[in-house]
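Structure, as structure tokens:
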Protein chains: 2
Amino acid sequence: MKYQEALNELATLLGQRISWSKFELESHGQSESYFPLTLPDAVAYPTSAGELSEIVKICAKHAMPVIGWGAGTSLEGHALAHQGGLVVDFRNMAAVLALHPEDMTVTVQPGITREVLNEELRATGLFFPVDPGANASIGGMAATRASGTTAVKYGTMADNVLALEVVLADGRIIHTGSRAPKSAAGYDLTALMVGSEGTLGLITELTLRLQGQPECSGAAVCAFDDIGAAVDTVIETIQYGLPMARIEFIDGPTAAAVNAYSGSDLPECPHLLVEFHGSEAAVAEQAETFGEILKEHGGKGFEWASRAEDRTALWHMRHHAYWAILASRPGARAVVTDLCVPISKLSQAVEETRADIAESGIPGPILGHVGDGNFHAILMIDPEKPEELETAKALSSRMVKRALALGGTVTGEHGVGYGKLDYMAAEHGGGWDVMGDIKKALDPQNILNPGKVVRFPA
Amino acid sequence: MKYQEALNELATLLGQRISWSKFELESHGQSESYFPLTLPDAVAYPTSAGELSEIVKICAKHAMPVIGWGAGTSLEGHALAHQGGLVVDFRNMAAVLALHPEDMTVTVQPGITREVLNEELRATGLFFPVDPGANASIGGMAATRASGTTAVKYGTMADNVLALEVVLADGRIIHTGSRAPKSAAGYDLTALMVGSEGTLGLITELTLRLQGQPECSGAAVCAFDDIGAAVDTVIETIQYGLPMARIEFIDGPTAAAVNAYSGSDLPECPHLLVEFHGSEAAVAEQAETFGEILKEHGGKGFEWASRAEDRTALWHMRHHAYWAILASRPGARAVVTDLCVPISKLSQAVEETRADIAESGIPGPILGHVGDGNFHAILMIDPEKPEELETAKALSSRMVKRALALGGTVTGEHGVGYGKLDYMAAEHGGGWDVMGDIKKALDPQNILNPGKVVRFPA
């Protein structure tokens, strides 16, 4: 085996906390996306930054790749060991380390999932707002600069991570940022690490901004005759400056899939799902304003859910839309596309995408966090038909090129991983070379999640 | 002259747009702070990124330092040519290039000042919210990660720059970010450049997020018996989650200086100056809630200014506080300190600082953007008495060490420049080495604003 010597040293260090059993390798060799099974050489379960530092030093000595693993929910092959090596699973590093309710911050280990974190915060009246849908790990969310349904109000992981502890490629442990609300003290290494997908360092601790649970929340679903009217409602709402907590789009096929899966009875047409946060008076005022905008665009059935259980049912439905869509074509695998454009280009991007998908013959419901100009198509392919995967990839490729032509980005929130690598040069030009220069400076052996984000050696 | 050959080549390129007249060198050799006159070798006035690229290539060939210059309002010697070289003044690159009101973005050249930008935006109903007080250039504000009075609501420059064009140390021109509201496409080079103080590249174009002018604004001044009560009011307001647009603190000596300078009649005690933005109903509700918190802490004279001219007078007074304080000791120079701590540590930090200043014998009014945990002391020294400068520097040093001990940062918004360099190792530890590694990767000759932010060669 290529890394036998490294594995022997790691086994001495870790004992039972490293494994290369078939089961462990396979469960860390798959993703929720279309990528084929990709086995690492071993899986380690460190318990501290100090131990991870020792692990990385051993890997560095033997030039063995090290790939971080949170909850395995990423969609572009981020955590797959394409070049072999060691997957580091953070499940033993999933604690809340320090809670500072008076500062509205919490310090956690990377393996904790967002749902567990919010469960632990429940009694404090605070919550962590970033919500990518999947019950991802906080470390993984930071590494991929995740966002999701609430980013339109609370921002992405880039806006909600204050400080990090990071193990570098040579095993050094550094701290970035602080608990101060802002700083101008040099290069923003926290921002550099967030979204670097484990290619510059492995995150072992995160200090997060928290939010106060809103005094009042209100949510609603509304239906539209066509996609254009729904998207125009979003654009006008954002331009008006309404502080939406969520403004989500689902198209007709998504509504149909959701009905079949969740037993709801949405009309099978485009919808917006919205939520407001604030004082009772503020929520009522926002809802009224939104209702007026809606009416101008022919929106219908603006039904108000101010009861917590109705809101929970609504967002449960939205969060399970991915599974609902998959269930609508039994046995299918999904190619989940992701793009983001300036809000003024959203109608055009969605309409052109819809027409393109229709022409391809692949079922591909569209849904997204349209308040950010961000949407997805879930392209469902038969895993037995390789030509469908090719068609889906070609569709995805046209989508991202369309996003670039409209002044947008090839990924709003899923990240680059392996799946979007081929578009980085087109989006960033010489900026991608600079990313490579930074990678080379911090990880000259290219052992940290090699083959992701940057191409190195170039 | 050390760089004669480079200067000859630059003169051939730039003609009248380069100068080494005594007047030009002196006006680009001073700062608003306590640093001694520091003359560059020449001052260039490029008109485009392409021209700046040619300038940088000539400087790179001759290893001549290149230092960006916006409005010259930075406070830590950021734009001073400590190692000689060429100052690049962006006054000829100060245009609005593209306005996208429908996306609430604007693309500008770096030399435009925030006041001119907001003047140009006036008719659109949009504004650029970041407000450091000084009429700084937008490029300089990005380079130093500026913030100021409105950051508590709208964030700092880190939150409000979407995309950049940057000239690198070898003359390459790159583009970072896009006009999409968010992206997960690789390392966040925009965030890396914002706050890098011209040491990694020179910004030649910025795309900024804009905000809608609030439907309604309300501002108020309120007085407190002691600093603790004022600061506790701030802490409770932030923890309550009130979306303050501004929440500023001034102490008694600042109030006295402001009265003398602006003809106001504030009681000479600690004050908070606050502003709310939103709908009429939202502002009224916020003001009521704030009034209740205020009352619990013994705040007095909560006088409401909803007329635009009263608000303008209020913030004019706040923005001129620095000059008012300077005028209170005729002939004095200022050492302006800057620190930022977690909000729960704000009382302790302010009280200890106040006591420390009182003991030093140097007049040092305190004021700050306390909603962010950020405050300043304006230490007034007699330029004829070098021992006062030493006392002030020692005070500043104790302040930043106090900030670090309380989990904060050595600079909330003024940046590192030359003045805070000695504290970077204490704040960042091994992270500072990583900053040095990045600098070395992107500027191996160390020609971009050498001697600032990082120490290189280490």
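The values are calculated or read from the model by the stated rules, or taken from the named source; none is laboratory data. All figures in this text were calculated on a predicted structure; none of them were measured in a lab. Note that we place each Cβ from the backbone using ideal geometry, even for glycine, and neighbour counts take in every protein chain shown.
Name the single residue that is farthest from A:Thr391 (Cα to Cα) among those in region A:327-348 being assigned to a loop (DSSP other than H, G, I, E, B) and not basic (Lys, Arg).
Quick first cut of region A:327-348, residues assigned to a loop (DSSP other than H, G, I, E, B) only: A:328-332, A:337-338, A:341-342.
Adding the requirement that they be not basic (Lys, Arg) leaves A:328, A:330-332, A:337-338, A:341-342.
Details: A:Ser328: 19, A:Pro330: 19, A:Gly331: 18, A:Ala332: 14, A:Thr337: 13, A:Asp338: 16, A:Val341: 23, A:Pro342: 27 Å.
Among those that are assigned to a loop (DSSP other than H, G, I, E, B) and not basic (Lys, Arg), it is A:Pro342.
Please verify whether A:Ser53 is farther than 16 Å from A:Gly451 by Cα and within 14 Å of chain B (Cβ to nearest Cβ), treating the condition exactly as stated. Quick ask: steps written out before the conclusion?
Numbers: farther than 16 Å from A:Gly451 by Cα: yes; within 14 Å of chain B (Cβ to nearest Cβ): yes.
Yes; evaluated as a whole, the condition is true for this residue.
Could you tell me which of the residues B:Ser21, B:Ser48, B:Ser31 is buried (at least 18 other Cβ atoms within 10 Å of the Cβ) and either assigned by TED's automatic domain parsing to the domain that holds B:Glu165 or out of contact with any helix residue (DSSP H, G or I) (no Cβ under 7 Å at 6 or more places or on another chain) (or both)?
Numbers: B:Ser21 fails: buried (at least 18 other Cβ atoms within 10 Å of the Cβ); B:Ser48 fails: buried (at least 18 other Cβ atoms within 10 Å of the Cβ).
Of the residues listed, the single one that is buried (at least 18 other Cβ atoms within 10 Å of the Cβ) and either assigned by TED's automatic domain parsing to the domain that holds B:Glu165 or out of contact with any helix residue (DSSP H, G or I) (no Cβ under 7 Å at 6 or more places or on another chain) (or both) is B:Ser31.
Mind checking which residues of region A:320-351 are over 22 Å from A:Ile362 (Cβ atoms) and either surrounded by fewer than 17 Cβ atoms within 10 Å (Cβ to Cβ) or of a type in the set (Ser, Thr, Tyr) (or both)?
If the condition is that a residue be over 22 Å from A:Ile362 (Cβ atoms) and either surrounded by fewer than 17 Cβ atoms within 10 Å (Cβ to Cβ) or of a type in the set (Ser, Thr, Tyr) (or both), then A:Ser344, A:Ser347 are the ones that fit.
Select from region A:394-419 the residues that are of a type in the set (Ser, Thr, Tyr) and within 18 Å of the chain's Cα centre (by Cα) and write down the one among them that is nearest to A:Gly198 (Cα to Cα). Give the derivation first.
First pass over region A:394-419, keeping only residues of a type in the set (Ser, Thr, Tyr): A:396-397, A:409, A:411, A:418.
This time we only want the ones that are within 18 Å of the chain's Cα centre (by Cα), so: A:396, A:409, A:411, A:418.
Working: A:Ser396: 24, A:Thr409: 21, A:Thr411: 17, A:Tyr418: 13 Å.
Applying the filter and picking the extreme gives A:Tyr418.
Can you name every one of the helices (runs of 4 or more DSSP H) wholly within region A:210-319 that holds 1 or more residues which are free of Cβ contacts under 8 Å to residues at least 12 places away in the same chain, within 14 Å of another protein chain (Cβ to nearest Cβ) and more than 24 Å from the chain's Cα centre (by Cα)?
On the way: elements: A:227-240, A:252-262, A:280-296, A:308-319.
Helices (runs of 4 or more DSSP H) meeting the threshold: A:280-296.
What is the residue count in region A:82-98 for residues that are farther than 14 Å from A:Glu205 by Cβ and free of Cβ contacts under 8 Å to residues at least 60 places away in the same chain?
Result for region A:82-98: 2.
For region B:376-405, what are the residues that are buried (at least 21 other Cβ atoms within 10 Å of the Cβ), in a helix (DSSP H, G or I) and in contact with a Phe, Trp or Tyr (Cβ under 7 Å, 6 or more places away or on another chain)?
B:Val400
Hey, could you check region B:306-319 for residues that are surrounded by fewer than 19 Cβ atoms within 10 Å (Cβ to Cβ) and aliphatic (A, V, I, L, M) and say which is nearest to B:Ser217 (Cα to Cα)?
Only one residue tops the list, namely B:Ala308.
Could we say that B:Lys393 is within 17 Å of B:Gly77 (Cα to Cα) and free of Cβ contacts under 8 Å to residues at least 60 places away in the same chain here? Break it down stepwise before answering.
Details: within 17 Å of B:Gly77 (Cα to Cα): yes; free of Cβ contacts under 8 Å to residues at least 60 places away in the same chain: yes.
Yes; evaluated as a whole, the condition is true for this residue.
Residues being under 16 Å from B:His271 (Cβ atoms) and within 12 Å of chain A (Cβ to nearest Cβ): count how many of those fall in region B:369-378.
4
Any idea which of B:Ile378, B:Ile366 is touching a residue at least 24 places away in the same chain (Cβ under 8 Å) and under 23 Å from B:Gly70 (Cβ atoms)?
Details: B:Ile366 fails: under 23 Å from B:Gly70 (Cβ atoms).
Every option except B:Ile378 fails the conditions.
If we keep just the residues of region B:405-422 that are facing another protein chain (nearest Cβ under 8 Å) and of a type in the set (A, V, I, L, M, F, W, C), which is nearest to B:Thr38 (Cα to Cα)? Please lay out each step first, then the result.
Our first condition is that a residue be facing another protein chain (nearest Cβ under 8 Å); within region B:405-422, this holds for B:407-416, B:420.
Still in the list and also of a type in the set (A, V, I, L, M, F, W, C): B:410, B:416.
Values: B:Val410: 24, B:Val416: 17 Å.
Filtering first and then ranking leaves B:Val416.
Residues are listed down the side, and each one gets a yes or a no for (1) touching a His at 6+ places or on another chain (Cβ under 9 Å); (2) aliphatic (A, V, I, L, M):
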| residue | (1), (2) |
| --- | --- |
| B:Pro363 | no, no |
| B:Ala394 | no, yes |
| B:Ser397 | no, no |
| B:Ala403 | no, yes |
| B:His414 | yes, no |
| B:Ala425 | no, yes |
| B:Ala441 | no, yes |
| B:Arg455 | no, no |
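Going by the conditions given, is A:Ser48 among the small types (Gly, Ala, Ser), closer than 18 Å to A:Ile447 by Cα and at pLDDT 95 or above? Show your work before the answer.
Details: among the small types (Gly, Ala, Ser): yes; closer than 18 Å to A:Ile447 by Cα: no; at pLDDT 95 or above: yes.
No: the conditions fail for A:Ser48.
Which count do you get for residues in region B:165-176 that are more than 8 Å from chain A (Cβ to nearest Cβ) and surrounded by fewer than 24 Cβ atoms within 10 Å (Cβ to Cβ)?
First, the residues of region B:165-176 that are more than 8 Å from chain A (Cβ to nearest Cβ): B:165-167, B:169-171.
From what's left, surrounded by fewer than 24 Cβ atoms within 10 Å (Cβ to Cβ): B:165, B:169-171.
Adding up the residues that qualify gives 4.
Determine, yes or no, whether B:Glu427 is among the charged types (D, E, K, R) and outside any helix (DSSP H, G or I).
Details: among the charged types (D, E, K, R): yes; outside any helix (DSSP H, G or I): no.
So B:Glu427 does not fit the description; no.
Between residues in region B:432-448 that are more than 8 Å from every other protein chain (Cβ to nearest Cβ) and within 23 Å of B:His62 (Cα to Cα) and residues that are among the basic types (Lys, Arg) and assigned to a helix (DSSP H, G or I), which pairs lie under 9 Å by C-beta distance while being six or more apart or on different chains?
Pairs that qualify, where the first residue is more than 8 Å from every other protein chain (Cβ to nearest Cβ) and within 23 Å of B:His62 (Cα to Cα) and the partner is among the basic types (Lys, Arg) and assigned to a helix (DSSP H, G or I), are B:Asn446/B:Lys439; B:Asn446/B:Lys440; B:Leu448/B:Lys439.
For region A:381-403, does any single residue satisfy the condition of being at positive phi, within 14 Å of chain B (Cβ to nearest Cβ) and modelled with pLDDT of 95 or more?
Applying the first criterion (at positive phi) to region A:381-403 yields none.
No, because not a single residue in region A:381-403 is at positive phi, within 14 Å of chain B (Cβ to nearest Cβ) and modelled with pLDDT of 95 or more.
Tally time: how many residues in region B:255-289 are in contact with a Pro (Cβ under 9 Å, 6 or more places away or on another chain) and closer than 20 Å to B:Phe375 by Cβ?
4
Is it the case that region A:89-103 has a residue that's crowded, with 22+ Cβ neighbours inside 10 Å, among the charged types (D, E, K, R) and touching a Pro at 6+ places or on another chain (Cβ under 7 Å)? Break it down stepwise before answering.
Here is the first cut: in region A:89-103, the residues crowded, with 22+ Cβ neighbours inside 10 Å are A:89-90, A:93, A:103.
In the following step, the residues that additionally are among the charged types (D, E, K, R) were identified as A:89, A:103.
If we keep only those that are touching a Pro at 6+ places or on another chain (Cβ under 7 Å) too, we end up with A:103.
The answer is yes; a qualifying residue exists.
So A:Thr156 passes all but one of these: (1) closer than 30 Å to B:Tyr423 by Cα; (2) within 11 Å of chain B (Cβ to nearest Cβ). Which condition number does it fail?
(1)
Out of (1) of a type outside the set (D, E, K, R); (2) modelled with pLDDT of 95 or more; (3) touching a strand residue (DSSP E or B) at 6+ places or on another chain (Cβ under 8 Å), the odd one out for A:Thr149 is which?
For A:Thr149, the exception is condition (2).
Which one of the conditions (1) over 20 Å from the mean Cα position of the chain (by Cα); (2) outside any loop (DSSP other than H, G, I, E, B); (3) within 11 Å of chain A (Cβ to nearest Cβ) does B:Glu351 fail to meet, given that it meets all the rest?
(3)
Going by the structure shown, is B:Thr207 part of a helix (DSSP H, G or I), touching a Gly at 6+ places or on another chain (Cβ under 9 Å) and modelled with pLDDT of 95 or more? Before the answer, list the steps.
Working: part of a helix (DSSP H, G or I): no; touching a Gly at 6+ places or on another chain (Cβ under 9 Å): yes; modelled with pLDDT of 95 or more: yes.
No, not satisfied.
For B:Ala425, which of the numbered conditions (1) within 9 Å of chain A (Cβ to nearest Cβ); (2) under 30 Å from A:Pro444 (Cβ atoms) fails to hold?
Evaluating B:Ala425 over (1) within 9 Å of chain A (Cβ to nearest Cβ); (2) under 30 Å from A:Pro444 (Cβ atoms) leaves (1) as the failure.
Inspect region A:187-204 for any residue being assigned to a strand (DSSP E or B), within 13 Å of another protein chain (Cβ to nearest Cβ) and either at pLDDT 95 or above or farther than 30 Å from A:Asp170 by Cα (or both) and give the result as yes or no.
Just the residues of region A:187-204 that are assigned to a strand (DSSP E or B), to begin with: A:202-204.
Subset that is within 13 Å of another protein chain (Cβ to nearest Cβ): none.
No.
Of everything in region A:206-248, what is of a type in the set (D, E, K, R) and surrounded by fewer than 21 Cβ atoms within 10 Å (Cβ to Cβ)? Give them in sequence order. Even if it seems obvious, please write down each step before you answer.
Our first condition is that a residue be of a type in the set (D, E, K, R); within region A:206-248, this holds for A:209, A:215, A:225-226, A:232, A:236, A:246, A:248.
Within region A:206-248, A:Arg209, A:Glu215, A:Asp225, A:Asp226, A:Asp232, A:Glu236 qualify.
Any chance you could count how many residues in region B:406-423 are part of a loop (DSSP other than H, G, I, E, B) and surrounded by 24 or more Cβ atoms within 10 Å (Cβ to Cβ)? Break it down stepwise before answering.
Start the filter on region B:406-423 by keeping residues that are part of a loop (DSSP other than H, G, I, E, B), which leaves B:406-408, B:410-420.
Now narrow it down to the ones that are surrounded by 24 or more Cβ atoms within 10 Å (Cβ to Cβ): B:408, B:410-417, B:419-420.
Here the count works out to 11.
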